[in-house]
Amino acid sequence: WITMEKGGQEKRRASRGQPTRDQNFDHEKWSMHKDPRRHVRHFVTWGYSAATQRILFPDLALIFSTSTALTAYNCLAEVPMYMPPEPIVLPSVALGLLITFRTNTANMRYNEARCLWGEIVNTSRDITRIALQWMPQSKDDAFGKAQAAKVCRMTKAFSIVLKYHLTIDGGSPDGTRLEVERDDLIKGEGGPILKKELRDELIKYCFDPNDPEQLIELDRCVESSHRPLWTIQQMCTASHAGIWARCGDRPDRAIRDAHLLERHFQRLCGAMGACERVHKTPIPTAFTRHSSRFLTVWCNAMPLVLWPIVGNCTPL
């Protein structure tokens, strides 16, 4: 229950600033998500909700302080301070439209990012399938197998380095954050630890440090200024070497096979660029700031309307 409510993180969030990441659902998680008792679970795990934790401070704390100060003033003052409900009711429609637009836009951005990641997964599968099927000329073609293995290796590395390229903590909130604070990561002071985590993850899934050639590839990948582009370039180099080796005296076959793989490399590069666009282009900041100001004024003015109705219970 608690793991589901915490948005996929295995440990309780160390700070409210940590991002939440929805889990990839499987049959077990879908059955829990559709469980008839889910409403009870949502209420019991209310305190673990990331949304609840984020609005407690300073948002709810500020509104509670405003309500308490108003209640204390009205209890002591001869002329209480309050206002009619019209100034709150009339702007509610406009405020609702602003918040709805912002919510829909955020959901659209999330869905676009998820579709892009799905395209990366599907394209990676196509590249590995084509490389393993067509690059070796035969079972005894050691060079072709080596180039196909390099393409597969770089394809796996691409997803990992892209994750580190797009996120501040490498997509690992339970790893780096235990040693480096978010402010240090933003300033770039957590670089060595992030680089070590990236290296360990690449060794775990992609590179064999006992192989001298793969060790050189690992070092160059980690030290590259743009790691995703570097891995794509290595895919192109390995695939073209393997294709030209098997074409023999038929260069037209090499051009045809190279174009087949090149289209998939272009899809990877395009998805990477789209991910960078989503990351670097927020919802128009003037709009979000105006919505925030509007909502703050509206919420903090609400106690003035509630005082004549509920009296001393206004803070509640």
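The values are calculated or read from the model by the stated rules, or taken from the named source; none is laboratory data. Everything quoted here is computed from the prediction, not taken from an experiment. For neighbour counting, all protein chains shown are included, and Cβ atoms are generated from backbone atoms with ideal geometry for every residue, glycine included. Calculation scope for accessible area: heavy atoms of the full protein, side chains included, ligands and nucleic acids excluded. Shrake-Rupley method; radii C 1.70, N 1.55, O 1.52, S 1.80 Å.
Out of the residues in the range 191-221 meeting the condition of being surrounded by fewer than 18 Cβ atoms within 10 Å (Cβ to Cβ) and of a type in the set (A, V, I, L, M), tell me which one is nearest to Phe158 (Cα to Cα). Within the range 191-221, the match that is nearest to Phe158 (Cα to Cα) is Ile203. Scanning the range 151-183 for residues that are more than 22 Å from Lys280 (Cβ to Cβ), at pLDDT 55 or above and not polar (S, T, N, Q) turns up Val151, Cys152, Arg153, Met154, Lys156, Ala157. Report, by residue number, each residue of the range 132-148 that is open to solvent by less than 50 Å² (accessible area, probe 1.4 Å) and either touching a His at 6+ places or on another chain (Cβ under 8 Å) or among the charged types (D, E, K, R) (or both). Correct list: Asp141 only.
State which residue is modelled with the lowest pLDDT when the search covers only the range 277-304 and only residues that are closer than 22 Å to Pro58 by Cα and among the aliphatic types (A, V, I, L, M). Top of the filtered list is Ala286. Ala106 fulfils the conditions (1) touching a helix residue (DSSP H, G or I) at 6+ places or on another chain (Cβ under 9 Å); (2) in a helix (DSSP H, G or I) except for a single criterion, (1).
Of the candidates Val40, Val93, Val89, the single residue that is surrounded by fewer than 12 Cβ atoms within 10 Å (Cβ to Cβ), more than 30 Å from Arg293 (Cβ to Cβ) and free of Cβ contacts under 8 Å to residues at least 40 places away in the same chain is Val40. What are the pairs with Cβ atoms under 9 angstrom where one residue, in the range 262-275, is under 11 Å from Ile127 (Cβ atoms) and the other, located anywhere, is exposed (fewer than 14 other Cβ atoms within 10 Å of the Cβ)? Sequence gap at least six, or different chains. Note: pairs meeting the criteria are Arg267/Asn122.
Of all residues in the range 1-37, those being surrounded by 11 or more Cβ atoms within 10 Å (Cβ to Cβ), among the basic types (Lys, Arg) and either more than 23 Å from Thr167 (Cβ to Cβ) or at pLDDT 75 or above (or both) number 1. Please identify the pairs in which a residue from the range 193-204 that is closer than 11 Å to Gly170 by Cα and in contact (Cβ under 8 Å) with a residue 12 or more places away in the chain has its Cβ atom under 9 Å from the Cβ atom of a residue that is open to solvent by 70 Å² or more (accessible area, probe 1.4 Å) and of a type outside the set (A, V, I, L, M, F, W, C), counting only partners at least 6 apart or on another chain. Between residues of the range 193-204 that are closer than 11 Å to Gly170 by Cα and in contact (Cβ under 8 Å) with a residue 12 or more places away in the chain and residues that are open to solvent by 70 Å² or more (accessible area, probe 1.4 Å) and of a type outside the set (A, V, I, L, M, F, W, C), the close pairs are Ile193/Glu179; Lys195/Glu223. Scanning the range 60-80 for residues that are surrounded by 14 or more Cβ atoms within 10 Å (Cβ to Cβ) and either touching a helix residue (DSSP H, G or I) at 6+ places or on another chain (Cβ under 8 Å) or modelled with pLDDT under 80 (or both) yields a count of 7. Taken as a whole, the structure places Asn300 among residues that are at negative phi and open to solvent by less than 60 Å² (accessible area, probe 1.4 Å).
Evaluate the following for Met83: is it closer than 27 Å to Ser292 by Cα, at pLDDT 85 or above, open to solvent by 30 Å² or more (accessible area, probe 1.4 Å) and not in a helix (DSSP H, G or I)? Yes.
Within the range 122-136, can you find the residues that are aromatic (Phe, Trp, Tyr) and outside any helix (DSSP H, G or I)? Steps first, answer last, please.
Here is the first cut: in the range 122-136, the residues aromatic (Phe, Trp, Tyr) are 134.
None - no residue of the range 122-136 is aromatic (Phe, Trp, Tyr) and outside any helix (DSSP H, G or I), so the list stays empty.
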